[in-house]
Amino acid sequence: MYLIAGATGNVGRHVVTGLVAANEPVRALTRDPAAAGLPAGAAAVATADAAADATLDGVTGVFVHAAVFHGDLPGFLAAAKAHGVKRVVTLSSLASVSPGNPIGDHHLALERQIEDSGLEWVHLRPGAFAVNTLAWAGQIRGDGVVRLPYPDSHTNAIHERDIADVAVRAFLTDDLVGARPVLTGPESLRQDEQVRLIGAAIGRELTAERIDAKVARDAMVGGFVTEAMADWMLEAQAEMVDNPAPISPETERILGRPGRTFADWAVEHAADFA
């Protein structure tokens, strides 16, 4: 039995689907079980009940990420271990590779808490998510102009289903225990090239327009994104202007196939932009 936190999120939902497809029993943590819309074979459980006996009984593996267990993660891990959980698969971040930035340090703290629990662990460190470009949907549905501070900045965006496929492998085999694989997409693309590929997927000509970085920063701050996070993300984008993003071989090595391209992702998500 596997317990998947954030089961209706961009990655968690696909982890649930992958495990169900492998005929594995799944409990899916979500804030609103009644509205989860998960595949048959997955039992939805309220996130508030994550450490309950009924939730953890029979569970051997847990999928964890920072957006869910930002409270008493050590307490949850202790309860999980007491109930016989053996392995934790963590959705961490590529930013953890270079400590000293707010996003990386946040995820490193999560990784260390899991390692200190004494449970087996696998920390997945994906870079930018292709799904993050859904933030452009309003502009695309409007005038078809995506306003960006650095449209010529490169990214190695990864398809969320590839991250989930690696997570499923981390549960179903022992190949990745104790590993921190860096996961990227199979190509480096400029952000204006991503805009063009979304246009091709929806059959419209789209353009990218440069805006002042301060304007972009003001729009980014809010919710999970702090001012420090926004500053770091913009600095990272600036560093990648006309600078191809490195491609990790780990996604293809682990999955035994090339990662899905951004063009693939855009076609799959065309309805989200139309």
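Filter region 112-131 down to residues that are in a helix (DSSP H, G or I) and touching a residue at least 24 places away in the same chain (Cβ under 8 Å), then give me how many there are.
First, pick out the residues of region 112-131 that are in a helix (DSSP H, G or I): 112-116, 130-131.
Adding the requirement that they be touching a residue at least 24 places away in the same chain (Cβ under 8 Å) leaves 113-114, 116, 130-131.
Matching residues across region 112-131 total 5.
Given (1) within 20 Å of residue 117 (Cβ to Cβ); (2) crowded, with 17+ Cβ neighbours inside 10 Å, identify the lone condition not met by residue 45.
The number of the failed condition is (1).
Filter region 110-133 down to the residues that are under 17 Å from the mean Cα position of the chain (by Cα) and exposed (fewer than 15 other Cβ atoms within 10 Å of the Cβ) and list them by number.
Once the filter is applied, which keeps residues that are under 17 Å from the mean Cα position of the chain (by Cα) and exposed (fewer than 15 other Cβ atoms within 10 Å of the Cβ), region 110-133 yields only 132.
Name the single residue that is nearest to residue 96 (Cα to Cα) among those in region 158-187 being hydrophobic (A, V, I, L, M, F, W, C) and assigned to a loop (DSSP other than H, G, I, E, B).
Looking only at region 158-187, we keep the residues that are hydrophobic (A, V, I, L, M, F, W, C), and these are 158, 163-164, 166-168, 170-172, 176-177, 179, 182-183.
Now restrict to residues that are assigned to a loop (DSSP other than H, G, I, E, B): 176-177, 179.
Values: 176: 18, 177: 18, 179: 13 Å.
Going through the qualifying residues, I end up with 179.
Can you tell me how many residues in region 207-218 are surrounded by 13 or more Cβ atoms within 10 Å (Cβ to Cβ), out of contact with any Phe, Trp or Tyr (no Cβ under 9 Å at 6 or more places or on another chain) and not in a strand (DSSP E or B)?
Matching residues across region 207-218 total 2.
Residue-wise test of (1) within 24 Å of residue 175 (Cβ to Cβ); (2) hydrophobic (A, V, I, L, M, F, W, C).
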| position | (1), (2) |
| --- | --- |
| 57 | no, no |
| 60 | yes, no |
| 65 | yes, no |
| 85 | yes, yes |
| 90 | yes, no |
| 93 | yes, no |
| 97 | yes, yes |
| 101 | no, no |
| 112 | yes, no |
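Can you name every residue in region 132-154 that is outside any helix (DSSP H, G or I), of a type outside the set (Val, Ile, Thr) and touching a residue at least 12 places away in the same chain (Cβ under 8 Å)? It would help to see each step written out before you state the result.
Step one: filter region 132-154 for residues outside any helix (DSSP H, G or I), giving 142-154.
Checking the rest, the ones that are also of a type outside the set (Val, Ile, Thr) come to 142-144, 147-154.
Result: 144, 147, 148, 149, 150, 151, 152, 153, 154.
Quick check on this structure: which one of 100, 104 is outside any helix (DSSP H, G or I) and modelled with pLDDT under 95?
When all the criteria are applied, what remains is 100.
Can you tell me which condition residue 15 does not meet? The list is (1) farther than 14 Å from residue 89 by Cα; (2) out of contact with any Leu (no Cβ under 7 Å at 6 or more places or on another chain); (3) buried (at least 21 other Cβ atoms within 10 Å of the Cβ), and all the others hold.
(1)
When region 51-67 is examined, which residues are found to be in a loop (DSSP other than H, G, I, E, B) and either farther than 22 Å from residue 179 by Cα or not aliphatic (A, V, I, L, M) (or both)?
Taking region 51-67 first, the residues in a loop (DSSP other than H, G, I, E, B) are 51-52, 57-60, 66-67.
Hits for region 51-67 are 51, 52, 57, 58, 60.
Of all residues in region 2-58, which are touching an Asp or Glu at 6+ places or on another chain (Cβ under 8 Å), over 20 Å from residue 269 (Cβ atoms) and touching a residue at least 60 places away in the same chain (Cβ under 8 Å)?
Scanning region 2-58 gives a single hit, 2.
Given the conditions (1) in a loop (DSSP other than H, G, I, E, B); (2) closer than 24 Å to residue 66 by Cα, and given that residue 229 satisfies all but one, which numbered condition is not satisfied?
Only one criterion in (1) in a loop (DSSP other than H, G, I, E, B); (2) closer than 24 Å to residue 66 by Cα is unmet by residue 229, namely (1).
Quick check: anything in region 221-229 β-branched (Val, Ile, Thr), free of Cβ contacts under 8 Å to residues at least 24 places away in the same chain and surrounded by fewer than 16 Cβ atoms within 10 Å (Cβ to Cβ)? Spell out the reasoning first.
Here is the first cut: in region 221-229, the residues β-branched (Val, Ile, Thr) are 221, 225-226.
Those left that are additionally free of Cβ contacts under 8 Å to residues at least 24 places away in the same chain: 221, 225.
Imposing the further condition that a residue be surrounded by fewer than 16 Cβ atoms within 10 Å (Cβ to Cβ) reduces the set to 221, 225.
Looking through region 221-229, at least one residue is β-branched (Val, Ile, Thr), free of Cβ contacts under 8 Å to residues at least 24 places away in the same chain and surrounded by fewer than 16 Cβ atoms within 10 Å (Cβ to Cβ).
Please determine, by comparing only the residues of region 78-95 that are in a helix (DSSP H, G or I) and either within 20 Å of residue 157 (Cα to Cα) or within 21 Å of the chain's Cα centre (by Cα) (or both), which one is modelled with the lowest pLDDT. It would help to see each step written out before you state the result.
Start the filter on region 78-95 by keeping residues that are in a helix (DSSP H, G or I), which leaves 78-82, 94-95.
Remaining after also requiring either within 20 Å of residue 157 (Cα to Cα) or within 21 Å of the chain's Cα centre (by Cα) (or both): 94-95.
Details: 94: 94, 95: 91.
Top of the filtered list is 95.
The values are calculated or read from the model by the stated rules, or taken from the named source; none is laboratory data. It should be emphasised that the depicted structure is a prediction, and the values quoted were computed from it without experimental measurement. A quick note on method: Cβ atoms are made from the backbone with ideal geometry, for glycine too, and the neighbour counts reach across all protein chains shown.
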